[in-house]
Amino acid sequence: MRALILPTPGDLPGGRRRRHPGSTGEYKIKSIKRKIRELLGYPYPQRIPKDVFVEQWVGTSTDEFHRAKGADVRYMRNRHPLIDMGWSRSDCILFSHVTGPRGHPEIKLPRLPYVESSRASSAADCRGSSRPSAGAR
């Protein structure tokens with residue numbers, strides 16, 4: 001599976017922003033659909049076969065579950081992983097503080113001189129991860 005992260009269509013060259021951010025359909029949704037069709041190899045108006053689709057992950061948390069909707073076209077399927085995990089906005093903020101800018105926790109192990117590498121890796125496994133659990137609040 002290949003992940004693709006598209007730039008926000010509201011961003012213009014040189015760090016400028018569009019004046020009227022209310023045109024979500026025109027500047028975001030249409031341009032995302034256009035790019036997805038292009039990547040699938042079926043530009044408009046070509047029909048997309050029923051068995052070809054894209055799974056789009058949408059970052060809507062439990063605080064705004066009412067905004068979570070299905071896609072309005074057959075070739076896109078929306079997933080809401082934050083809602084599936086039961087994460088609120090505060091869980092997302094906590095996770096970003098715990099994991100840091102690179103997306104994983106910083107685990108600093110002390111140097112273990114004269115220890116075989118297999119024993120050192122099992123010591124790291126015992127420390128565990130500091131990521132919030134799926135249902136953490």
- Task: Could you check how many residues of segment 55-76 are in contact with a strand residue (DSSP E or B) (Cβ under 6 Å, 6 or more places away or on another chain), open to solvent by less than 70 Å² (accessible area, probe 1.4 Å) and either among the acidic types (Asp, Glu) or closer than 16 Å to Lys35 by Cα (or both)?
- Result: 3
- Residue by residue through segment 29-48, note down the ones that are open to solvent by less than 50 Å² (accessible area, probe 1.4 Å) and not in a helix (DSSP H, G or I). Gly41, Ile48
- Query: If you go through segment 63-81 one residue at a time, do you hit one that is assigned to a helix (DSSP H, G or I), within 14 Å of the chain's Cα centre (by Cα) and at pLDDT 75 or above?
  - Reply: yes
- Inter-residue pairs, beta-carbon under 7 Å, first in contact (Cβ under 8 Å) with a residue 24 or more places away in the chain and farther than 25 Å from Gln46 by Cβ and in segment 61-83, second surrounded by 15 or more Cβ atoms within 10 Å (Cβ to Cβ) and aromatic (Phe, Trp, Tyr), 6+ apart: Ser61/Trp87; Thr62/Trp87
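The values are calculated or read from the model by the stated rules, or taken from the named source; none is laboratory data. What you see is a predicted model, and the numbers here were worked out from it, not measured in a lab. Virtual Cβ from ideal backbone geometry, glycine too; neighbours counted across all protein chains shown. In case anyone asks, the SASA skips ligands and DNA or RNA and just uses the protein heavy atoms, side chains included. Shrake-Rupley method; radii C 1.70, N 1.55, O 1.52, S 1.80 Å.
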